[in-house]
Amino acid sequence: MSEHHPEQSFRDLLSTQAGSQLPIDDVLFIILPLMREVAHLHKLDQVAQLDTALVLRNEHGSLTLRDPKG
């Protein structure tokens with residue numbers, strides 16, 4: 001995976017990939033924590049805002065919500 005900044009938005013991440021494909025292991029590593037956050041919000045009857053500018057790549061390299069409350 002490429003280097004990243006802790007405040008890199010998903011939109012920025014997509015731009016830096018320039019259409020190149022990631023191995024499935026990398027995709028799962030990046031997306032699963034975000035999906036867990038979204039599932040948790042749904043259990044609380046809340047909705048996550050999933051705009052590419054509102055999803056960040058965290059210091060571990062995985063995606064997370066900019067606002068943990070959705």
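The values are calculated or read from the model by the stated rules, or taken from the named source; none is laboratory data. Computed from a predicted structure; not experimentally measured. Virtual Cβ from ideal backbone geometry, glycine too; neighbours counted across all protein chains shown. Side chains are part of the model used for accessible areas, which takes the heavy atoms of the whole protein and leaves out ligands, DNA and RNA. Shrake-Rupley method; radii C 1.70, N 1.55, O 1.52, S 1.80 Å.
The residue of region 18-59 that is least open to solvent (accessible area, probe 1.4 Å), among those that are small (Gly, Ala, Ser) and in contact (Cβ under 8 Å) with a residue 12 or more places away in the chain, is Ala48.
This table checks each residue for (1) modelled with pLDDT of 85 or more; (2) out of contact with any Leu (no Cβ under 7 Å at 6 or more places or on another chain); (3) part of a loop (DSSP other than H, G, I, E, B); (4) not small (Gly, Ala, Ser).
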{"position": "Ser15", "(1), (2), (3), (4)": "no, yes, no, no"}
{"position": "Gly19", "(1), (2), (3), (4)": "no, yes, yes, no"}
{"position": "Leu41", "(1), (2), (3), (4)": "yes, yes, no, yes"}
{"position": "Gln46", "(1), (2), (3), (4)": "yes, yes, yes, yes"}
{"position": "Ala53", "(1), (2), (3), (4)": "yes, yes, yes, no"}
{"position": "His60", "(1), (2), (3), (4)": "yes, yes, yes, yes"}
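Within region 27-39, not a single residue is on the phi > 0 side of the Ramachandran plot and modelled with pLDDT of 95 or more. Against the conditions (1) over 15 Å from Gln8 (Cβ atoms); (2) touching a Phe, Trp or Tyr at 6+ places or on another chain (Cβ under 9 Å); (3) open to solvent by less than 30 Å² (accessible area, probe 1.4 Å), Ser62 satisfies every one except (1).
Restricting attention to region 6-17, the residues that are open to solvent by 90 Å² or more (accessible area, probe 1.4 Å) and free of Cβ contacts under 8 Å to residues at least 12 places away in the same chain add up to 0.
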